[in-house]
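Asks: Dropping a structure here in structure tokens format, bear with me for questions.
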Amino acid sequence: MKLDLVIKELHRSENELAHVLLRLSERHKTDHETYHVARDLVRWCHDHVRELARIGEDYGLKLDAEPAGESTVAERVREKAAEWLGRRKEPGLLLLADLRHLYRVASGVSLDWELLAQAAQGARRKELLELAERCHPQTLRQVRWANARLKESATQALVS
Amino acid sequence: MPRVDRIAEPWGTRTPYGAGDEWPVRVDRFLQEGVREEDVERWAQSASILHSNGDALDIAVSDGRIVGVRGRAADRVNRGRLGPKDLYGWQANHSPDRLTRPLVRENGRLVEADWDTAMERVAGRAKELLDEQGPSALAFYTTGQLFLEEYYTLGLIAHGGIGTNHVDGNTRLCTATAAAALKESFGSDGQPGSYADVDHADVIALYGHNVAETQTVLWARILDRLAGPNPPALICVDPRETPAARAATVHLANRPGTNVALMNGLLHEIIANGWIDEDYLRDHVVGFEELRERVADCPAEEAARICDVPVGRLREAARLIGTADRLLSTVLQGFYQSHQATAASVQVNNVHLVRGMLGRPGCGVLQMNGQPTAQNTRECGADGDLPGFRNWSNDAHVAELARIWNVDQLAIPHYSPPTHAMQMFRYIEEGSIRFLYVSGTNPAVSMPELHRIRSILAQERLFLVVQDIFLSETAELADVVLPAATWGEKTGTFTNADRTVHLSEKAVDPPGEARPDLDIFLDFARRLDLRDKDGAPLVKWSDPEGAFEGWKECSRGRPCDYSGLSYEKLRGGSGVQWPCDDAHPDGTERLYADGAFWSAPEVCEDYGRDLVTGAPLSPTEYKALNPDGKAVAKAAEYIPPHEPPDDEFPFALTTGRTLYHFHTRTKTARAPQLQRAAPEVWVEMSAADAERLGFAEGDLLEVATRRGGVQARLRVGGIRDGVVFLPFHYGYWDRPDAYDPEKGPDKGMGRAANEATVTDWDPVSKQPLFKTAAARVSLVERGRGLPAPAPTTTASRPAGPEGAVPATSGGAEAEAEESVAASGGAR
């Protein structure tokens, strides 16, 4: 049984995704929709981290239920830098690069949830399967958001 | 004929009627001092242009001037009634400070020029940028106050001719969520209900809709029902004690930003009590199971806790809604401009889907509009939609449009939804949009976070064109100012919030060299030499009626079908509701009567979006969700607002309208009766908050957020504790000294509420949020015994004992005539 490995990896990757979303929002504070929605979506990662830590106990894991924190000083510096850069054209390309990265990380998390759901089914772990069924759709929505923002932002950034 | 001061009595004399009866006629009339009925040489048919209700009226003309107005008794919308803005607003047409000549910027200053010079500058810069960067450099930002013919022509020029994706209207600020909510639930835009549903409803629910002030004649209709036999029960969701809240059976003043939680709580109660129409859900709706699951974890207690409303009151509202025989719901800015705007508005549609209450007399949803012709920007493709409610991500729809316009399909940008206004300003900020053509609106006062907007518009690298009737705050920043004709000075049509199309005839000539917006757009197209794919001129018409005929073809077969209408048909009699085609020559009162929707994958205007992230669904996803064209019951989870009050900024700031003004007061401040009724900005706060902080009526306060602030006199009024309200109408054209960049937080202190608002928008409708910002309030100086300059007749009614603040009145100058047919009415 390697269920604990999958849970542990998901706990790590959800924390990473939260970090990527927060970084994205700070670096693109002047792109207001990106800023606000990214922060809304961090909530889902944090919920997942908590749930994974709780269920991890059943598999002998001691995972931190508190989502990995961000240094608020670094956060503010990045937000300020974003404001200064707001009048330049380069942030358009930077946004594309960051959204592309987000898409890849979120897709990775989505795959991890698929692995967990497969394992839970094989091991007949109902509670674990339910967790995957509850959380995975939210990860998929995060993936689709990254994809949609990329599509919407690409043309102006690339043709202007 | 009775004379009534319609400033003091905005809704006029009551004409009570009972359920199912016809609303009695009452004809309102106001003529300029000294003008008698027999002096009027001519009456020109029109409708009101200062709100979205669409009150039909005739313009009185004498000696080449407008001298008054009279309601049209035959019209289905108002049955002769007019609101205060209709009665007095027309006087602005004759203001001495109308723009009468084009202006161009020379050495930093705007100077008069002839039309040829001004238009050559506009077209010249557009051509330069098209050569240098292409269509992505050009953007168009229009309004909710032009005519259908003008929007359609502008949409054709921008989308089909220039090929830019950057076309939107300031209707983004007022009506985008109405459109988005209708698309999500019914697959396409299109108002399901009719104003006549007021005549039949036994329960009317008003969601964030201060109808008494935004649509005064619709409120008069409701008041007449309330005064008659078998009056409807009223439910009002609003943080302020609006006139509707005072008349309500149940008033829910929920915490700002919690509308989704409130709606989920109501839906939970309705579903849990079995007040649902299982047959309707089975036959006509997809998505109900997901909705049921979603609201299962939001019982009344939980919703009441999040919203901070008494749980008993929430349950009572749910019972009234759940047991209504004929339920009418209306929605406006309290939902549209608040956190999770579309998600909340969609839940109102869901109430009607689970109750099976659509398309029958009294059973309707009215997702309202803010501005008079907002409906037409949505239909004609001037506001971030394609014309005729066509789907930008359906290639067949784009191909059809290309065929109608005779252009190559690739010439019409459809790689993503048309750029919304807030994103356009972002592109201007970063420098990739370098030409902005603003028509008939004033973003320098109406957009959120004004210090940012001003700095964006003032950029040297931006070429700004402003087409308007006055030198607005925005026009002052322009490179070229084009003087336009307005309502009463040009002919065209427009459509109100319940799909009623009205013709508005030219009554008088525009002042000086001012020209109709349509003529200016046509001139622009000629100078750019825009052609179709056969080399013929792209725009095939040269007058309003020609544009209307063109639009009829474009709308044929689509939900907003105008093909059965003509100028001739609209002359005389009543306005007509679309769709109006061969099969429905008299128009259509209610949509979705048989549970049939325009939502089949090949028909729908939109495949929908994720209500939290705003990500569009793919065609494949939509086909799987809704293969048979049913309505979609779309669930949404509550998400806390982005800027909740905290220790430093303990108040929730909400902004809004007053009855006596429209938008940034360019017209209403120039009508003396309206201006005197609400002459200056004020701030509202509850009696409990004022007492706690030691403030009194008339004290001068500073209301500041992290963006900026406003100084305003305090009205101690009926508003939820912890919430402050600022009217957004007041800018700087009549008080240029009112902004001080040195004062206030760090971005300056002014008079416009939008100094303080936040740049944040609903990810689905892209409508900016004006109802949730955190603010702090401090005393600047004590009052001098004078009350705040706020009306007492409206939501800003003072909280103290009656008579403590002198009542708002208009005096003899505001006396209008009212004539009630036959049985008469009681005041």
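Asks: I'd like the full set of residues that are of a type outside the set (Val, Ile, Thr) and assigned to a loop (DSSP other than H, G, I, E, B), limited to the stretch A:6-42.
Replies: Of everything in the stretch A:6-42, those that are of a type outside the set (Val, Ile, Thr) and assigned to a loop (DSSP other than H, G, I, E, B) turn out to be A:His28, A:Lys29, A:Asp31.
Asks: Name the single residue that is farthest from B:Ala615 (Cα to Cα) among those in the stretch A:47-68 being crowded, with 17+ Cβ neighbours inside 10 Å and either of a type in the set (Val, Ile, Thr) or within 14 Å of chain B (Cβ to nearest Cβ) (or both).
Replies: Only one residue tops the list, namely A:Ile55.
Asks: While we're looking at this one, here's another question. If you check B:Ala92 against the conditions, is it within 14 Å of another protein chain (Cβ to nearest Cβ) and either under 26 Å from the mean Cα position of the chain (by Cα) or in a loop (DSSP other than H, G, I, E, B) (or both)?
Replies: When the stated conditions are applied, B:Ala92 does not pass them.
Asks: Among the numbered criteria (1) in contact (Cβ under 8 Å) with a residue 12 or more places away in the chain; (2) away from chain A (no Cβ under 14 Å); (3) not polar (S, T, N, Q), which single criterion is violated by B:Asp586?
Replies: With respect to (1) in contact (Cβ under 8 Å) with a residue 12 or more places away in the chain; (2) away from chain A (no Cβ under 14 Å); (3) not polar (S, T, N, Q), B:Asp586 is out only on (1).
The rows are residues; the columns are (1) under 19 Å from A:Val159 (Cβ atoms); (2) modelled with pLDDT of 95 or more; (3) in contact with a His (Cβ under 9 Å, 6 or more places away or on another chain); (4) small (Gly, Ala, Ser).
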residue: B:Arg390; (1), (2), (3), (4): no, yes, yes, no
residue: B:Asp395; (1), (2), (3), (4): no, yes, yes, no
residue: B:Glu400; (1), (2), (3), (4): no, yes, no, no
residue: B:Ser416; (1), (2), (3), (4): yes, no, no, yes
residue: B:Met422; (1), (2), (3), (4): no, yes, yes, no
residue: B:Thr441; (1), (2), (3), (4): no, yes, yes, no
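Asks: Regarding B:Asp734, is this residue under 30 Å from B:Ala179 (Cβ atoms) and not aliphatic (A, V, I, L, M)?
Replies: On the way: under 30 Å from B:Ala179 (Cβ atoms): no; not aliphatic (A, V, I, L, M): yes.
No.
Asks: Looking only at the stretch B:719-730, decide whether some residue is at positive phi and more than 28 Å from the chain's Cα centre (by Cα).
Replies: Taking the stretch B:719-730 first, the residues at positive phi are B:722.
Still in the running and more than 28 Å from the chain's Cα centre (by Cα): none.
No, the stretch B:719-730 contains no residue that is at positive phi and more than 28 Å from the chain's Cα centre (by Cα).
Asks: Six or more apart or on different chains, Cβ atoms under 9 Å: show the pairs whose first residue is in the stretch B:251-275 and modelled with pLDDT of 95 or more and whose second is of a type in the set (Lys, Arg) and crowded, with 24+ Cβ neighbours inside 10 Å.
Replies: Close Cβ pairs satisfying both conditions: B:Ala253/B:Arg240; B:Pro256/B:Lys771; B:Gly257/B:Lys771.
Asks: Just one of B:Ala244, B:Ala248 is over 30 Å from B:Gly187 (Cβ atoms), buried (at least 24 other Cβ atoms within 10 Å of the Cβ) and modelled with pLDDT of 95 or more; which is it?
Replies: Values: B:Ala248 fails: buried (at least 24 other Cβ atoms within 10 Å of the Cβ).
Only one candidate qualifies: B:Ala244.
Asks: Regarding the stretch B:416-425, can at least one residue be identified that is assigned by TED's automatic domain parsing to the domain that holds B:Thr143 and free of Cβ contacts under 8 Å to residues at least 40 places away in the same chain?
Replies: yes
Asks: Within the stretch B:95-142, which strands (runs of 3 or more DSSP E) (wholly inside it) include 1 or more residues that are closer than 30 Å to B:His420 by Cβ and within 14 Å of chain A (Cβ to nearest Cβ)?
Replies: Details: elements: B:103-106, B:109-112, B:138-142.
The qualifying strands (runs of 3 or more DSSP E) are B:138-142.
Asks: Residue by residue through the stretch B:663-712, note down the ones that are charged (D, E, K, R) and farther than 14 Å from B:Gly731 by Cα. If you could, list the steps in order and put the result at the bottom.
Replies: The initial filter retains those residues of the stretch B:663-712 that are charged (D, E, K, R), namely B:665, B:667, B:670, B:676, B:680, B:684, B:689, B:691-692, B:697, B:699, B:702, B:706-707.
Correct list: B:Arg676, B:Glu684, B:Asp689, B:Glu691, B:Arg692, B:Glu697, B:Asp699, B:Glu702, B:Arg706, B:Arg707.
Asks: Taking the condition assigned to a strand (DSSP E or B), crowded, with 20+ Cβ neighbours inside 10 Å and modelled with pLDDT of 95 or more, does B:Ala788 pass?
Replies: Judged against the criteria, B:Ala788 is not a match.
Asks: Which condition breaks for B:Arg706 when tested against (1) surrounded by fewer than 22 Cβ atoms within 10 Å (Cβ to Cβ); (2) within 22 Å of B:Ala244 (Cα to Cα)?
Replies: Here B:Arg706 clears every test but (2).
Asks: Across the stretch B:3-30, what is the total count of residues that are surrounded by 14 or more Cβ atoms within 10 Å (Cβ to Cβ) and more than 17 Å from B:Ala73 (Cα to Cα)? Steps first, please.
Replies: As a first pass, look at the stretch B:3-30 and keep what is surrounded by 14 or more Cβ atoms within 10 Å (Cβ to Cβ): B:4-17, B:19, B:21, B:23-30.
With the extra rule that they be more than 17 Å from B:Ala73 (Cα to Cα), the set shrinks to B:4-10, B:19.
Number of matching residues: 8.
Residue-wise test of (1) under 26 Å from B:Asp523 (Cβ atoms); (2) of a type outside the set (D, E, K, R); (3) touching a residue at least 40 places away in the same chain (Cβ under 8 Å).
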| residue | (1), (2), (3) |
| --- | --- |
| B:Pro2 | no, yes, yes |
| B:Pro24 | no, yes, yes |
| B:Glu38 | no, no, no |
| B:Trp43 | no, yes, no |
| B:Ser46 | yes, yes, yes |
| B:Val69 | no, yes, yes |
| B:Arg72 | no, no, yes |
| B:Leu99 | yes, yes, yes |
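Asks: Go through the stretch B:702-748 and report how many residues are among the aliphatic types (A, V, I, L, M) and at pLDDT below 95. I'd like the intermediate steps shown before the answer.
Replies: First pass over the stretch B:702-748, keeping only residues among the aliphatic types (A, V, I, L, M): B:703-704, B:710, B:712, B:714, B:716, B:719, B:723-724, B:726, B:738.
From what's left, at pLDDT below 95: B:738.
Residues flagged as among the aliphatic types (A, V, I, L, M) and at pLDDT below 95 within the stretch B:702-748 amount to 1.
Asks: Specify which of the listed residues (B:Leu266, B:Leu226, B:Leu234, B:Leu262) is of a type outside the set (S, T, N, Q), on the phi < 0 side of the Ramachandran plot, within 27 Å of the chain's Cα centre (by Cα) and surrounded by fewer than 17 Cβ atoms within 10 Å (Cβ to Cβ). Spell out the reasoning first.
Replies: Values: B:Leu266 fails: surrounded by fewer than 17 Cβ atoms within 10 Å (Cβ to Cβ); B:Leu234 fails: surrounded by fewer than 17 Cβ atoms within 10 Å (Cβ to Cβ); B:Leu262 fails: surrounded by fewer than 17 Cβ atoms within 10 Å (Cβ to Cβ).
Among B:Leu266, B:Leu226, B:Leu234, B:Leu262, only B:Leu226 is of a type outside the set (S, T, N, Q), on the phi < 0 side of the Ramachandran plot, within 27 Å of the chain's Cα centre (by Cα) and surrounded by fewer than 17 Cβ atoms within 10 Å (Cβ to Cβ).
Asks: Please verify whether the stretch B:317-339 includes one or more residues that are assigned by TED's automatic domain parsing to the domain that holds B:Val198, farther than 30 Å from B:Pro601 by Cβ and of a type in the set (Lys, Arg).
Replies: Yes - at least one qualifying residue is present in the stretch B:317-339.
Asks: Another question about this same structure. Restricting attention to the stretch B:206-223, does a residue exist that is in a strand (DSSP E or B), surrounded by 24 or more Cβ atoms within 10 Å (Cβ to Cβ) and not hydroxyl-bearing (Ser, Thr, Tyr)?
Replies: So the first thing to find is which residues in the stretch B:206-223 are in a strand (DSSP E or B), and the list is B:206-207.
Now drop any that are not surrounded by 24 or more Cβ atoms within 10 Å (Cβ to Cβ), which leaves B:206-207.
Okay, now just the ones that are also not hydroxyl-bearing (Ser, Thr, Tyr), so B:206.
Yes, the conditions are met somewhere in the stretch B:206-223.
Asks: Filter the stretch B:385-413 for residues that are out of contact with any Leu (no Cβ under 9 Å at 6 or more places or on another chain) and of a type in the set (S, T, N, Q); which is nearest to B:Ala176 (Cα to Cα)? Give the derivation first.
Replies: So in the stretch B:385-413, the residues out of contact with any Leu (no Cβ under 9 Å at 6 or more places or on another chain) come out as B:385, B:389, B:391, B:393-396, B:399-400, B:403-404, B:408, B:410-411, B:413.
Subset that is of a type in the set (S, T, N, Q): B:391, B:393-394.
Numbers: B:Asn391: 16, B:Ser393: 18, B:Asn394: 21 Å.
Restricting to residues being out of contact with any Leu (no Cβ under 9 Å at 6 or more places or on another chain) and of a type in the set (S, T, N, Q), the top hit is B:Asn391.
Asks: Taking B:Val407, is it away from chain A (no Cβ under 14 Å), of a type in the set (Val, Ile, Thr), under 21 Å from B:Ala547 (Cα atoms) and assigned to a loop (DSSP other than H, G, I, E, B)? Break it down into steps so the answer makes sense when it comes.
Replies: On the way: away from chain A (no Cβ under 14 Å): yes; of a type in the set (Val, Ile, Thr): yes; under 21 Å from B:Ala547 (Cα atoms): yes; assigned to a loop (DSSP other than H, G, I, E, B): yes.
So B:Val407 fits the description; yes.
Asks: Residues to consider are B:Glu476, B:Glu460, B:Glu489; find the one that is acidic (Asp, Glu), over 19 Å from the mean Cα position of the chain (by Cα) and assigned to a helix (DSSP H, G or I). Outline the logic, then answer.
Replies: Values: B:Glu460 fails: assigned to a helix (DSSP H, G or I); B:Glu489 fails: assigned to a helix (DSSP H, G or I).
So the residue among B:Glu476, B:Glu460, B:Glu489 that is acidic (Asp, Glu), over 19 Å from the mean Cα position of the chain (by Cα) and assigned to a helix (DSSP H, G or I) is B:Glu476.
Asks: From the list A:Arg149, A:Arg100, which residue is within 14 Å of another protein chain (Cβ to nearest Cβ) and assigned to a helix (DSSP H, G or I)?
Replies: Details: A:Arg100 fails: within 14 Å of another protein chain (Cβ to nearest Cβ).
From the options A:Arg149, A:Arg100, the qualifying one is A:Arg149.
The values are calculated or read from the model by the stated rules, or taken from the named source; none is laboratory data. Note that the structure is a prediction, hence the values are computed from the model and not measured. Cβ coordinates were reconstructed from backbone atoms using ideal geometry, including for glycine residues, and neighbour counts include every protein chain displayed.
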